[in-house]
């Protein structure tokens with residue numbers, strides 16, 4: 001059965017306990033159901049520690065996280081059995097909250113290697129160059145950026161712009177953006193938002209699905225979410241339309257926490 | 001060069017030296033100086049830092065040279081034709097070391113022995129006693145060479161004892177690239193590099209060592225800088241069964257600057273020893289040392305780095321940065337950076353790390369679709385880049401990257 005979308009069903013996961021130690025009490029995701037359709041934008045909101053990054057890492061296959069139950073499929077293809085690079089080749093992209101620095105590897109080399117890995121032989125070098133310069137420009141980034149080492153000595157804003165540059169260059173089917181707005185000043189946030197919107201409106205990106213993880217609604221002023229989900233303590237406790245983000249902006253997470261407590265009690 | 005000796009003697013001893021001198025004559029180093037050097041080699045202990053222990057495979061104090069074929073007959077390819085039109089036009093001398101004293105006496109005497117003192121050094125003494133090949137380069141005062149000068153040493157079946165003497169007159173500027181190769185079965189390369197850099201002169205000296213896995217290399221490299229002189233030395237030690245590379249620069253006059261860069265990647269069962277030492281002997285001298293090393297398989301390596309700031313060297317500014325990358329559980333790298341400071345009012349920094357490739361870096365690359373093995377290679381190559389980027393010429397940098405890439409690809413996963 002082939003089901004379109006990034007489909008997360010009954011996902012339970014936690015941090016690996018080093019060696020083969022007990023898993024009790026380490027569960028962070030307590031059964032997540034979420035479906036990101038092609039062409040849609042979902043926002044996943046929640047306070048720090050609610051499990052949002054664990055969800056992102058578990059879906060992308062970070063070796064420190066362990067899935068104990070549930071499934072993740074990408075257009076019907078099981079992701080959980082795949083190595084992280086195979087998940088990317090299947091069409092998944094994760095924009096990191098804290099991207100790693102890779103000293104000695106230039107941005108240009110890294111992105112070219114990545115592009116060739118996920119889309120072998122589809123872009124001649126001259127077109128690759130033209131494309132990356134165009135995307136750089138859209139992100140208000142200088143060409144000198146390309147010869148710097150990946151995230152090495154980058155400011156917070158530069159790191160997030162590099163994530164957006166990679167997103168634009170790799171044009172995945174589904175992208176998870178983990179706290180892409182955190183640590184950004186107003187200009188950087190606008191550049192990131194513009195880049196996202198441009199990607200959404202481009203041929204390469206219009207059919208992609210986006211899961212935007214954030215604890216502030218402010219990035220949603222730059223890109224409109226079709227669906228908003230609220231995550232508390234490893235569960236999605238509320239889902240709704242864009243108005244839910246405004247509600248959180250106005251009332252914070254405590255109100256939702258109270259509602260959840262009331263409905264359970 | 002001369003024809004092959006009739007017989008090849010084994011062993012690095014007096015009989016071998018007698019036969020060598022009988023056949024070739026003393027060349028640029030007097031016979032008495034050679035015999036003295038041989039006596040020192042036989043008497044002096046190997047320096048502490050080159051001894052074995054703690055699981056090291058090689059112990060230089062216990063080497064047995066009795067079976068080493070002592071002569072290198074036609075064992076060297078000196079690219080004297082590389083003396084470009086530019087260099088010839090500007091009066092630069094490049095000649096075989098053995099003829100240098102006769103043919104270029106004044107220039108030779110001005111430089112020879114000015115940076116190297118073999119009196120307390122076992123292996124520099126050995127290199128001096130048997131010095132049988134080599135190159136003499138003299139760049140006259142005020143001459144700037146834009147093209148690099150290339151020297152190539154290639155050892156075949158016999159031991160090779162190259163002496164490279166480079167002298168830059170005041171305000172001269174040059175780049176020298178030395179390539180060391182050795183055929184399978186080449187037993188030993190034991191040599192001296194002596195760099196004498198005049199006032200205000202600028203020398204870039206690069207070594208690309210890719211000997212075979214059968215070869216033991218012991219290279220002693222020494223430099224002496226004049227006032228406001230600049231030296232950038234960069235050594236890539238990629239080959240050899242056991243490669244010992246020792247470099248010392250003395251900043252003898254005010255205002256000099258030494259940049260020392262070295263890297264090695266020991267794989268299989270290679271062992272690499274690198275020592276660097278910069279001696280700040282005069283005021284306002286600067287130095288920067290960058291060392292990158294990696295080990296895989298059962299490769300071993302040691303790095304000893306020393307910065308010595310003498311009492312007169314006020315205003316000295318020194319930094320030493322050394323990082324090691326372990327790519328297998330069987331690899332072992334030791335790193336010993338040190339600072340000795342006898343002056344006030346100086347800036348000195350050293351830092352060292354030893355570690356594996358971080359999982360975070362790997363996962364980041366993998367999450368972009370790059371397979372784990374490719375990601376490891378990319379990150380490991382990147383690790384060397386801060387050293388490679390300091391080597392002269394695009395062509396040499398590209399060659400070093402591809403040599404490292406080959407080593408990385410051939411390593412067992």
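Any read-out appearing in this document is the output of simple, stated calculations on the displayed coordinates, not a laboratory observation. Being a predicted model, the structure only gives us computed values, none of them experimental. Every residue, glycine as well, gets a Cβ built from its backbone with ideal geometry; the counts of neighbours run over all protein chains shown.
Remark: the Cα gyration tensor places region B:349-413 in the oblate category, a/c being 1.5 or greater and a/b not exceeding b/c.
Here region A:37-52 and region A:220-250 have alpha carbon centers that stand 8 Å from each other. Neighbouring Cβ atoms from other chains, within 10 Å of the Cβ of residues in B:374-383, number 4 on average. More than 22 angstrom separation, counting every C-alpha pair in region A:109-202; what % is that? Cα-Cα pairs of region A:109-202 separated by over 22 Å account for 24 percent. Once you divide the Cα radius of gyration of region A:61-140 by 2.2 N^0.38 Å, the number left is 1.33. If a paramagnetic tag sat 7 Å from the Cα of residue B:343 along the Cα-Cβ line, which residues of region B:302-335 would have the backbone N under 14 Å from that point? Only B:307-319 fall inside the zone, counting backbone N under 14 Å. Most fluctuating residue of B:127, B:371, B:39 in a GNM of chain B with Cα springs under 10 Å: which is it? Result: B:371 has the largest fluctuation of those listed. Region B:263-312 and region B:323-350 have Cα centres spaced 8 Å apart.
Take the Cα radius of gyration of the protein assembly as shown and divide it by 2.2 N^0.38 Å, N being the number of residues; the result is 1.19.
Cα centroid distance between region B:101-147 and region B:211-239, in Å? After rounding, the separation between the Cα centres reads 14 Å. Highest GNM mean-square fluctuation among B:287, B:402, B:319, for chain B modelled with Cα contacts below 10 Å: B:402. With kT/(6 pi eta Rh) evaluated at 4 °C and eta = 1.567 mPa s, and Rh the Kirkwood radius from Cα pairs, region B:194-281 diffuses with a coefficient of 96 µm²/s according to Stokes-Einstein. With the biggest extent put first, the Cα atoms of region B:269-342 measure 45, 13, 13 Å across the principal axes. For chain B, the spread of Cα coordinates along the three principal axes comes to 65, 50, 43 Å, biggest extent given first. DSSP beta bridges fully contained in chain A are about 55 percent antiparallel.
Take every Cα pair under 8 Å whose residues are at least 6 apart in sequence, average their separation, divide by the length of region B:14-353, and the relative contact order is 11 percent.
Applying Stokes-Einstein at 4 °C and 1.567 mPa s to the Kirkwood radius of region B:126-274, computed over alpha-carbon pairs, gives a translational diffusion coefficient of 84 µm² s⁻¹. With q set to 0.14, 0.19, 0.28 Å⁻¹, the log10 of I(q)/I(0) for region B:112-183, from the Debye formula over equal scatterers at the Cα positions, is -0.55, -0.90, -1.25.
Peptide B:351-360 is shielded by partner chain Cβ atoms: per residue, an average of 2 of them sit within 10 Å of its Cβ. If the chain linking residue A:251 and residue A:202 were pulled fully straight, counting 0.36 nm for each residue of separation and taking away their Cα-Cα distance, it would gain 14.1 nm. What shape does region B:273-413 take by its C-alpha gyration tensor, where a ≥ b ≥ c are the square roots of the eigenvalues and a/c under 1.5 counts as rounded, a/b above b/c as prolate, and the rest as oblate? Prolate, since a/c reaches 1.5 and a/b exceeds b/c. Normalised by 2.2 N^0.38 Å, with N the number of residues, the alpha-carbon radius of gyration of region A:3-136 equals 1.21. For the segment A:139-152, counting C-beta atoms of other chains within 10 Å of every residue's C-beta and taking the mean gives 1. All Cα-Cα distances of region A:36-82, cut into 10 Å bins from zero to the largest, leave 22, 49, 29, 0 percent in each bin in turn. Classification of chain A by its C-alpha gyration tensor yields a prolate form. The axis ratio a/c (a ≥ b ≥ c) is 1.5 or more, and a/b outweighs b/c. Springs join every pair of Cα atoms under 10 Å in this Gaussian network model of chain A, and among A:47, A:172, A:120 the largest mean-square fluctuation is at A:120. Nearest-5 percent of antiparallel DSSP beta bridges in the protein assembly as shown? Just about 15 percent of them are antiparallel.
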